[in-house]
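Q: Starting off with a structure, shown below.
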Number of protein chains: 2
Amino acid sequence: MAGKKGAGVLELAVLGLLNGAPMHGYELRKRLNALLGMFRAFSYGSLYPCLKQLLARGLIVEDRPEERESAALPLQSRRSKIVYTLTAEGKEHLQELLTEAGPASWEDEGFGVRFAFFSHTRADVRLRILEGRRSRLEERLESVRAALARTRERVDSYTLELQNHGLESVEREVRWLNELIGRERAEQEQAKTTNQDMPRDTGR
Amino acid sequence: MAGKKGAGVLELAVLGLLNGAPMHGYELRKRLNALLGMFRAFSYGSLYPCLKQLLARGLIVEDRPEERESAALPLQSRRSKIVYTLTAEGKEHLQELLTEAGPASWEDEGFGVRFAFFSHTRADVRLRILEGRRSRLEERLESVRAALARTRERVDSYTLELQNHGLESVEREVRWLNELIGRERAEQEQAKTTNQDMPRDTGR
DNA sequence: TTCGTCATGTAATGGGTTACATGATTAC
DNA sequence: GTAATCATGTAACCCATTACATGACGAA
């Protein structure tokens, strides 16, 4: 459990959430599953080890209420909650994770998590992530369509049904991405023209 | 690598494909990725160990061309291809896998694979799988909608965008399932009335 | 006082990937 | 003869899960 490096969707998600506000583990999981419930659900069995390991790497710090034992808050929450806060190193690492492509097998799951934290992501990185996702989906579409054309008429109706449903779903997501990319580009254009009074080309 | 029990989507997929026709590993993977390319892609690093293990469990048998060495087919395919064939036990196990629910974490990935082999699946099992999938999706919809209602107006526009896209995708799949379930029911009704001249209840 | 939920954790296991290593066959 | 693809395999590791275990707290 948690050997050495341990990047992963969960790590990204935890850092991303903690970037918003300090939290304890239990709440973290709730928010996670509310945020990403459509795509996946994490369990405590993976969350707590992950937190432990992030702690060991100095990316987050913990605040255990017992440690300030003499503080004397007799009523109101003498809890064993452990609140985690993102450190500067953690923020740095989060940006790296958001930016990096990741080892290809995630890409799929990673996209949803990255997207969820777009409001904390640089505009150019956002655009790159969206375009990366789109081109991956388009590759997949092309290869599946090719496979479908090769074996046409030799597949049963259920297989065909599945292929078509899949194809349509992916096409739908591509259209969605196109819209988002369009919006992002428009915003960037707008920002560019408002940031400089003279809207002339700067290089490219 | 391939410890003891080793059920999994891959095993199901391999048995399912082999149920159609005997094949060697390489082709198996190609077909797999053509069939399920929309959802996932398996690698040789998992396929071959899986085959080995299925072999050890007696669910498939291999045909190594070297073993019939004196057969003397000088021209035409003196290959090192190893063709695997499903055994009777394998077919039995396949039916079990198609029928069983599986340990909840698959359900998601398992559905696509199960669906891909619907033409080899009993009609009542098909219906159960479709309805199971639908009710799981509906549960998810409900919980996500609840979470969305709880935190409404406190989430940024990107998160909202993601939630909505996810919601719509799942809703779309539910509609698809509804249509399929309708068709299945209609076929069952038709089969029932054609199989027996007198359409009276037989027990259940 | 018991029950549900909040809250934190550990051990064993699981199913799959990446990266590597090798060789045969086909096409040019 | 050499490059691409077909074909088979192994070792190391990865990320997360299930199942279990524990305990505090609030409400009935």
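Q: Just wondering, is there one or more residues in the range B:158-172 that are within 13 Å of chain A (Cβ to nearest Cβ), modelled with pLDDT of 95 or more, in contact with a Lys or Arg (Cβ under 7 Å, 6 or more places away or on another chain) and within 22 Å of A:T159 (Cβ to Cβ)?
A: Checking the range B:158-172: not a single residue is within 13 Å of chain A (Cβ to nearest Cβ), modelled with pLDDT of 95 or more, in contact with a Lys or Arg (Cβ under 7 Å, 6 or more places away or on another chain) and within 22 Å of A:T159 (Cβ to Cβ).
Q: Would you check if B:L130 is in a helix (DSSP H, G or I) and within 20 Å of B:L47 (Cβ to Cβ)?
A: no
Q: Consider the range B:161-186. How many of its residues are more than 23 Å from the chain's Cα centre (by Cα) and touching a residue at least 60 places away in the same chain (Cβ under 8 Å)?
A: Result for the range B:161-186: 0.
Q: Go through the range A:18-43 and count every residue that is within 14 Å of DNA strand C (Cβ to nearest atom), within 11 Å of chain B (Cβ to nearest Cβ) and over 20 Å from B:L167 (Cβ atoms).
A: 1
Q: Name the residue that is surrounded by the most Cβ atoms within 10 Å (Cβ to Cβ), counting only residues in the range B:3-17 that are within 13 Å of the chain's Cα centre (by Cα) and within 14 Å of DNA strand D (Cβ to nearest atom).
A: Our first condition is that a residue be within 13 Å of the chain's Cα centre (by Cα); within the range B:3-17, this holds for B:7-17.
Restricting the remaining residues to those that are within 14 Å of DNA strand D (Cβ to nearest atom) gives B:7-10, B:14, B:17.
On the way: B:A7: 15, B:G8: 18, B:V9: 21, B:L10: 21, B:V14: 28, B:L17: 22.
Once the filter is applied, the top-ranked residue is B:V14.
Q: Let me ask another. Do you know which residues across the range B:104-119 are in a helix (DSSP H, G or I), more than 9 Å from chain A (Cβ to nearest Cβ) and touching a residue at least 60 places away in the same chain (Cβ under 8 Å)?
A: B:E109, B:G110, B:V113, B:R114
Q: On to the next question. Filter the range B:157-171 down to residues that are under 15 Å from A:L32 (Cα atoms) and surrounded by fewer than 16 Cβ atoms within 10 Å (Cβ to Cβ), then give me how many there are.
A: 1
Q: While we're on this one: Mind listing just one residue for me: the one in the range A:105-142 that is hydrophobic (A, V, I, L, M, F, W, C) and within 16 Å of DNA strand C (Cβ to nearest atom) and, of those, farthest from B:A34 (Cα to Cα)?
A: Only one residue tops the list, namely A:F111.
The values are calculated or read from the model by the stated rules, or taken from the named source; none is laboratory data. This one's a predicted model, so the numbers in the text were calculated from it and none came from an experiment. Positions of Cβ are generated from backbone atoms using ideal geometry, with glycine treated the same way; all protein chains shown enter the neighbour counts.
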